[in-house]
Structures are given as structure tokens and as C-alpha cells.
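Okay, structure first, notes after.
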Amino acid sequence: MLQHSPFALTAAERDSGQILACRAVPKTDVTVAWLDDEFIEKPAIRQKAQVIARDKMTHDIMRLRLALEAPVKFRFAAGQYLNLTMADAPMRSYSMANRPDEAIVELHVRHVPDGKTSTAIHRDLAVGDRVEIEGPCGSAWLRDAHDGPIIALAGGSGLAPIRSIVETALHAGMKQPICLYFGVRREEDLYLVDHFEDLAKQFPNLTFIPVLSQSAATRHRTGFVTDALAFDHHSLADARAYVAGPPGMVDAAYAVLTERGVPAANIHADVFFTPEEEHPKIA
């Protein structure tokens, strides 16, 4: 087993023989079984996509907009991700930030120092270039049959799948309270703040809370985003939670959410691993 979040696979689960297929390196032939009976069976489709826009969102996050060769075949659920391949760079996974009913696919790519793929995307990829994508993948998708409160936590570029989930829920007419926490280090790491503040004015059931962990002079809340969550909510027994960001944030969120009464089965996480130079995101 390679590095993984304790949220994704606890010590007890590992001792019982369970694995994370995305983090396991087989040494012999193996037999595996899928245990999540909620999973929506949507086979991954490989196709070409053209870059139609690229926008610098922060000093290290680039927004890509892709026009797919066969958009009708790409049927994803809000919160899922795709695998992207470009010339002379390893395949990497990026979450869709758009709603499933939108034709243009939006990705938020953070530049990882010395990361071959993210460096190529930020430095070399241009409008008009073509890449290959495969998807959809991932099981941290929006459970739209749920009518209780929704807690959404995003760290950095983890805002991409969280944006897809939150906006899909709102535009689908889901009326329950939705609390979106967006944790970053400093003011310059924030993006789409005006967008979500406008969205909160349009949809009264949405609360948007940016939290800065390394800034004092700011109009936003400060500290760790998971501490803000813990301070705001004493009980979340009826809630479902969607979490996307670095492993430390996801693990801390899991601890707070379970302490507040959220069953583990109601916590859906997208963990962004970047060991060494750059590694595919684990969902």
C-alpha cells in the first residue's frame, strides 16, 4: 500500500483485508470485490478534447476549459474527475468544476513545483491545443436523494469538485441548508469569492465561508477551515459532507464531522495527494 489517507482506509479496514485499489501495488494475481452498493455504473470513455480557454485564477491555479470531441458520451456526476494526458507528460487526474448539464468541461489545475504535467499545463498548453481525457471516475459524487443539510469543505484547488457539487445541488432545486467552507493559506490563494458571494445572494440556503490559515489582516475568517466548521456546528447528525483537498485537511475534517455525528458513510472525500513531485489525485 502506498501513502493514503486514514479516512480512505482505516487501520481496522486494512487489517480485515480491505485495500484501496488506487494506492495498492499488486505483487501477485489478486481477486477484488467492489463493496459500495451506491456506486453509479458509468464506464469511463476515452476521447480527445480541445483547450478553448485558460485563465490564471491565482498565482498557482489555472482554469482550463475544454470542448470535448464527444460530449454526449461524457456523462458524469457532480464531484467526479477525469484523467488527462498530454504529450510528453504523465497522466494526471483533475476534477470537473462545471455542472454535468454544461457542455464545456472546466478544470482547476494547481501548479506543483517540479511537477511535469502541471508545469506543462501552466507553461506550455495553449488555446487550440488538444489533449486526451478519460472519464468519468470517482465515487465522491453528489447524493441528490439526500434532503438533510449539506456540508462542503474545499482546500485550494479542491474547490473544483465542490463547486460542481454545490452548484448542481442549487440548480437542481435542493432546498436544504448548504454550508460551503473554502480554506486557503493567504488572501492571494482565494479565487471565485465574488462568484460564490453572488450565488449566496441568489440562493438563500447557501452559506459561503472563506477561511485563511496564515493571514490576520483580512475581512475573512482566520484559522484552520476545520476549526471554523467545528465552531459553527455542534451537531450534524442529519448532514452529508463533501470534502476535497490535501490529506491533512481531509483527515481533520473527517474527525470533526464524525465527532459532530455524521456517519462515515455520509462523508464523501476527494483526497489530493502530491508526494514527491506530482501524483494523480485519489478519490
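Note on region 2-25: residues that are modelled with pLDDT of 85 or more, of a type in the set (A, V, I, L, M) and either part of a helix (DSSP H, G or I) or surrounded by fewer than 12 Cβ atoms within 10 Å (Cβ to Cβ) (or both) total 1.
Conditions (1) under 25 Å from Ser164 (Cα atoms); (2) at pLDDT 85 or above; (3) polar (S, T, N, Q); (4) surrounded by fewer than 13 Cβ atoms within 10 Å (Cβ to Cβ), marked per residue:
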position	(1), (2), (3), (4)
Thr31	no, no, yes, yes
Trp34	no, no, no, yes
Ile40	yes, no, no, yes
Lys48	yes, yes, no, no
Ile52	yes, yes, no, no
Arg63	yes, yes, no, no
Ala78	yes, yes, no, no
Ala89	no, yes, no, no
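When you check Phe182 against the structure, is it closer than 19 Å to Asp60 by Cβ, in the same structural domain as Ile267 (by TED's automatic domain parsing) and among the aromatic types (Phe, Trp, Tyr), yes or no? For Phe182, the condition - closer than 19 Å to Asp60 by Cβ, in the same structural domain as Ile267 (by TED's automatic domain parsing) and among the aromatic types (Phe, Trp, Tyr) - is met.
Taken as a whole, the condition of being over 13 Å from the mean Cα position of the chain (by Cα) and not in a loop (DSSP other than H, G, I, E, B) does not apply to Leu107.
Restricting attention to region 77-99, the residues that are in a loop (DSSP other than H, G, I, E, B) and either of a type in the set (Phe, Trp, Tyr) or touching a Pro at 6+ places or on another chain (Cβ under 9 Å) (or both) add up to 7. Evaluate region 160-170: report whether one residue or more is surrounded by fewer than 15 Cβ atoms within 10 Å (Cβ to Cβ), assigned by TED's automatic domain parsing to the domain that holds Glu197 and without any contact (Cβ under 8 Å) to a residue 60 or more places away in the chain. No, there is no match, as no residue in region 160-170 is surrounded by fewer than 15 Cβ atoms within 10 Å (Cβ to Cβ), assigned by TED's automatic domain parsing to the domain that holds Glu197 and without any contact (Cβ under 8 Å) to a residue 60 or more places away in the chain. The set of residues in region 220-229 that are of a type in the set (Gly, Ala, Ser) and either surrounded by fewer than 18 Cβ atoms within 10 Å (Cβ to Cβ) or outside the structural domain of Leu192 (by TED's automatic domain parsing) (or both) contains only Gly223.
No other residue among Ser157, Ser164, Ser139 is at pLDDT below 95 and either within 18 Å of Ser95 (Cβ to Cβ) or touching a Ser or Thr at 6+ places or on another chain (Cβ under 7 Å) (or both) apart from Ser139. Can you report the number of residues in region 241-283 which are at pLDDT 80 or above and of a type outside the set (Ser, Thr, Tyr)? So the count comes out to 27.
Scanning region 195-218 for residues that are under 18 Å from Met174 (Cα atoms) and either modelled with pLDDT under 95 or not assigned by TED's automatic domain parsing to the domain that holds Ile178 (or both) yields a count of 0.
The values are calculated or read from the model by the stated rules, or taken from the named source; none is laboratory data. The structure displayed is predicted, hence computed values, not measured ones. So basically every Cβ, Gly included, is an ideal-geometry build from the backbone, and we count neighbours across all protein chains shown.
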